[in-house]
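Notes to accompany the following structure.
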Amino acid sequence: MGRSSSSMATAAAAGSKKRKSKAGVLTLGEVKTLGEELLSSRANLNHAPTLLALLSPSAPLDLALEALISLQSFFVPLLPSIPSVATAAAAAGDADPELVFRSWLRKRFDELGAALVELTVSPHSDDAIRDLALDALMDFVKLGKDGRFQSAIYHKFIHYLIHATDSIDPLLELLGPKYFIYTDVCYFTYTSLDKIASSIGNKATGSEKSGLHGGDDGAEDRGTIYVRNIYNTLAHIPAMDFQESKFNMWSTVGLSSKGEKNSSEDCSATYINKKLKSKFSKAWISFLKLPLPLDVYKEVLATIHKNVIPSMSNPAIFDFLTRSYDIGGVISVMALSGLFILMTQHGLEYPKFYDKLYALLTPAVFMAKHRAVFLQLLDACLKSSYLPAYLAAAFAKRLSRLTLSVPPAGALIIIALIHNLLRRHPSINFLVHLEIDANDSDIANEASQLKKVGADPFNNEETDPAKSGAMRSSLWEIDTLRHHYSPAVSRFVASLENDLTVRAKTTEMKITDFSSGSYTTVFRDEVRRRIKQVPLAFYRTTPICLFQESDFPGWTFRDQLKNMAETSVEGNGIGTVDISNSSPAKRLRMET
């Protein structure tokens, strides 16, 4: 009996080698025959390596599809009997035929899993084979022992997905609507991303852990590519409602993975919400500790207050936002949204928040892409009635000074912001009209001296609002807007002439009505505006020059006389010009 089984195995091995050598020229019919024989008897087990060799992105599509279908049909019924990696390694030297078979089955199954991962991740795979390979892989994840989620297989898949150097967008487009709709798939995705991000972060050098990576120096290194892949995967997971009572699970058990005990408490909605929110928070926190490329950094800051902070179990993301807020420039502007939510809704404190906000008020802000959100948050941050008078005055003066250098749309926003500041904080209304007490000689002398030399005690270069000198200044820049070249600005500045201390007669202006303004909107509104009286320019004779002699008494323009002479010669053929009306003084100046 032993000899017959040994000879059978030898014959099967020989047949396998023969077919394997011909694998490159197998026809579709032969591949179907191999699959049918594999499913029919254990005597044809060695057909499995031949079919596995066809699972490659470079293999013919029809052969790869047929081989994949046959192998999936072969392994699915055997999943409960496939031992773990440790058990298979321990049975490597055992002579029991059943243990040897299971150990062989484990190795072939691992080869199949690696081939499926390659087919799904490779950019050279056809869409049809990628879709089928992903379905087969997820079926193996689902149909494990006792219906538990096979986290080991799924983690290996996510690991290769993140470490792919080519674009993973086609695969993510499949995962998003097809599998990320399941709660347990999202749960184990967050778990794997947390581990992978932590591993990448531990390998990063000290200089790379600053949180911001340039990413504009040509070809990207592998670490940057991995960070992009993590972010793209997180971005493709749809936003979840952690208040739901029913969840759609891919596996039959739920969040319990292989080797974990399951209980009735694990199936409750409260438990699932708590576990899912915890994994969500850990994955994002581990990701935000990585050195992010500049474009990814901006995308995260633009959406973090909407998609991340409301779903986190704790505000541990505060460190990332404060670090971003300290960078300055557009990064600080974009970090303000998330920081404002943490301060107002989670009670977190940031001691120098207003100092940083004051430093962000530069002309560049009024031309930035995200200026609308920033200006609305600026108005919200200055709304508190507990804001000190010196701070409100500093912001009002800083904004007033910016009107001299920002576009017309920016000047309209600044007028609205100052209007709201003066109405909310009556204690700084003296900036509009400062009356000097004649009995106070020191203040009177200081005011007269400042007025005499035309100096402004406000220091626009000072970064500390308390030392800016705004309390001793005035909003004289606003008065200059009465003569602004844009009619919209010169008309709108009249709103500050009202007594804003009487709140019953005034209302706050909505910054949203002005925050998205630009040259286009100002021009469009001006063109649409109906004008009752149109000024007309009327001349008795057609003007031939820009200035007349009457505009500058005592001066004569040589170019004007030259042009008049040339015109007289060309038009009448006469080369004389009558300038007898010129006074002796004018002739004297011309001669000299």
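Only four residue types carry charge here, +1 at the Cβ of Lys and Arg and -1 at the Cβ of Asp and Glu. Report the dipole size of region 266-420 about the Cα centre in Debye, rounded to the nearest 20.
Roughly 100 debye for region 266-420.
Report, in debye and to the nearest 20, how large the dipole of region 27-143 comes out about its Cα centre when Lys and Arg carry +1 and Asp and Glu carry -1 on their Cβ.
Here region 27-143 has a charge dipole of around 320 debye.
Would you mind classifying region 327-410 by shape? Square roots of the alpha carbon gyration tensor eigenvalues, ordered a ≥ b ≥ c; an a/c under 1.5 is rounded, otherwise it is prolate if a/b is larger than b/c and oblate if not.
oblate
Mind listing the long-range amide H neighbours of Leu292? Cut-off is under 5 Å, sequence gap 5 or more, other chains count too, H placed in the peptide plane at 1.01 Å from N.
Gly211, Leu212, His213
With θ set to phi - 60° and the Karplus curve 6.51 cos²θ - 1.76 cosθ + 1.60, what are the ³J(HN,Hα) couplings of region 163-168 in order, to the nearest whole Hz, using x for Gly and Pro?
Each residue of region 163-168 in turn: 8, 6, 8, 9, 5, 10 Hz.
On a 18 Å Cα-Cα criterion, which of the cross-link pairs Lys107/Lys156; Lys178/Lys298; Lys156/Lys195 come out too long?
Lys178/Lys298
Looking at the square roots a ≥ b ≥ c of the eigenvalues of the Cα gyration tensor of region 339-381, which shape do they give, rounded for a/c under 1.5, prolate if a/b is larger than b/c, or oblate?
It comes out oblate by the Cα gyration axes.
Sort Val522, Val432, Val308 from largest to smallest accessible area, using a 1.4 Å probe on the heavy atoms of the protein chains.
Val432, Val522, Val308
Given a 1.4 angstrom probe, I'd like the percentage of the accessible area of region 27-143 that is carbon and sulfur, rounded to a whole number.
On region 27-143, the fraction of accessible area on carbon and sulfur atoms equals 57 percent.
Please work out whether region 128-198 counts as rounded, prolate or oblate from its C-alpha gyration tensor, where a ≥ b ≥ c are the square roots of the eigenvalues and a/c under 1.5 means rounded, while otherwise a/b larger than b/c means prolate and anything else oblate?
Judged from the Cα gyration tensor, region 128-198 comes out oblate (a/c at least 1.5, b/c at or above a/b).
Just the accessible area per residue of region 27-143, please: how many Å² with a 1.4 Å probe?
43 Å²
Which trypsin sites (Lys or Arg not before Pro) does region 325-374 hold that lie in a coil by DSSP with at most 10 other beta carbons within 10 Å?
Qualifying residues, ordered by number: none.
For Lys195, Lys32, Lys275, Lys306, give the ranking by accessible area with the largest first, probe 1.4 Å.
Putting Lys195, Lys32, Lys275, Lys306 in descending order of accessible area: Lys306, Lys195, Lys32, Lys275.
Quote the accessible area belonging to Thr87 in square angstrom, nearest 10, computed with a 1.4 Å probe and with ligands, DNA and RNA left uncounted.
Using a 1.4 Å probe on the heavy atoms, I get roughly 80 Å².
The values are calculated or read from the model by the stated rules, or taken from the named source; none is laboratory data. Quantities reported herein were computed from a predicted structural model and do not represent experimental measurements. Positions of Cβ are generated from backbone atoms using ideal geometry, with glycine treated the same way; all protein chains shown enter the neighbour counts. Note: accessible area is taken over every heavy atom of the protein model, side chains too, but ligands, DNA and RNA are not part of it. Shrake-Rupley method; radii C 1.70, N 1.55, O 1.52, S 1.80 Å.
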